[in-house]
Amino acid sequence: MNTLPLLVRQYLSRLWLDSGKFAYLSFNKQGLIQSWHPDIEYYGVIGLQLNDHVSEKLLFLEGWFSCDQDNDVFVLDFINFDHGIIADIHVLPSRNETYILFVDVSEKFRQHQSLQQERHNFDLLNQQQVKNIEIFRQNFQELDANKRQIETINESKNKLLSCITDDLRAPLSGILGFAQFLDSGVFGDLNSKQRECVGNMLKAGSCMTGLINEILEVARLEKDDLTLCIDSFSIKNLIDECLKPLVPLIQAYDIKLVNHIDEDIEILVDRVYFQQVITNLIDNAMKYNKKNGCIIISYRILEGKLCLYIKDTGIGISLDKIDQIFQPFVRNFDTQDKLEGTEIGLSGCKRLLGLMSGTLSVRSTLSVGSIFYLEVPLSTPCEGRDKYHISYEFVYFYDDEIHFTVLKNLLVIYKDYELEGYHYSEDIHSLNLHKSSKIILLDVDKNDVLFKLKLLKLLKRTDESPTVVSVVSENTDACDIRYILEETLMDDYLTRPFDFNQLLDIFEP
């Protein structure tokens, strides 16, 4: 390297060489080769002879510039040689000779290509992103326009509904008034056929009045300016206030109501609207119940929420129709022509609870009954109970061991439950039933209530305050369930075959 002219050595010292592969070749003003580095063959330049013409060996130099005058350094980037070798060519003209420097940049070239590809991909992504943003902007504008259009339509619809219902209410009240006059005999006695017709008129008029009220309520709930007054209230007081005016209706429907809300747990709700929801759900539980049926109201504490259950022995809802019952003006399809409407439907209940940061859902079995679930926020945490799973130990007194086996298999994956099983004929005094958090299940049917009542009294003596649940067959009549609950004073009931979600409702109060 020291044999190179000072000009070349100074130039090389300024280059940053990523690899140690370097070679050179020099030629004079006439283009005749004067010297070369031994590693020149690495670049495929072989068979060099002194005074060979450089243009015959280095074709890429053809026509590069005139060799008759001095020029600045000239660089050719990324010259492709054989065997995947990429080199930069540095041409250094001097007064007497011109030097060609070969610098291996294969790795640099590959990085350059990768960078170029990434840049190209980025440009493509950026172009696609610009297109997506434009599409999003157009869609947003369309949605905003549609939203304004829907709001205008809803406003017009609500005004129309209000006008129509107000115009209907006055003549309908007159029709009902005259029908009531006829039914009371003010204008003379009616024969049986006439009385039947007047009764149908009153029934149809009452149904239409309910429908008008429901239309007005739905229109009111759909307004965005609905104002709620959220505050802390005792769930016990709210439920008690709801039940007081419903007592005559409950007696009229001959329904057994069991209310397990016995704690002053504070919840965050709008008092008026929450009680409206509760009243509507209990009203539905009465109307869609079976003759001499039952309604059970209970609760449990979830994470930061109180879950309220309203359970009935009613006609139930088929699985394919459950989602539809939360739509406006939709009722149970099996009885929609038989029952009057209420001022708000389930759609209104769901919307009101949503405005209170709550939820409404249902689980139902056709011909067995329904359970409606309301979740609302707690005002203050319930220490020690604010969890999903609580460890419970419970005992099942069964008539048939197969019932115990099925229940045991259902709960096998849950570690927080301990299950003991005994045949009801075993001696209660010999059993170890002193553990706390005990829930007692007892197989009961209408024909053996008196015998099981004796067993129940013995069970009550073995624990301070056990929760006792009767287990009945799924095809047990609602009136039989009511009879069992009334005679035994049990806390709740389960139906067989067992449903795991229903079990959780009982085992996690």
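Bear in mind that the values in this text are calculations on the coordinates, not laboratory data. Since the model is a prediction, treat every value here as computed from it, not as a measurement. In this analysis, Cβ positions are derived from the backbone assuming ideal geometry, glycine residues included, and neighbour counts consider all displayed protein chains.
For segment 230-377, what is the convex hull volume of its Cα atoms per residue in Å³?
104 Å³
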Hz values of 3J(HN,Hα) by residue in segment 171-183 - Karplus curve (6.51, -1.76, 1.60), Gly and Pro given as x: x, 5, 4, x, 4, 5, x, 5, 5, 5, 4, 4, 5
Whole-Hz ³J(HN,Hα) from phi, Karplus 6.51 cos²θ - 1.76 cosθ + 1.60, for segment 124-138, glycine and proline x: 5, 4, 5, 4, 5, 5, 4, 5, 5, 5, 5, 5, 4, 4, 5
How much length is gained on full extension from Leu124 to Tyr11, taking 0.36 nm per residue of separation minus their Cα-Cα distance? 36.6 nm
Round to the nearest 0.05 the FRET efficiency obtained for Val75 and Gln149 when R0 = 60 Å and r is the Cβ-Cβ distance. 0.35
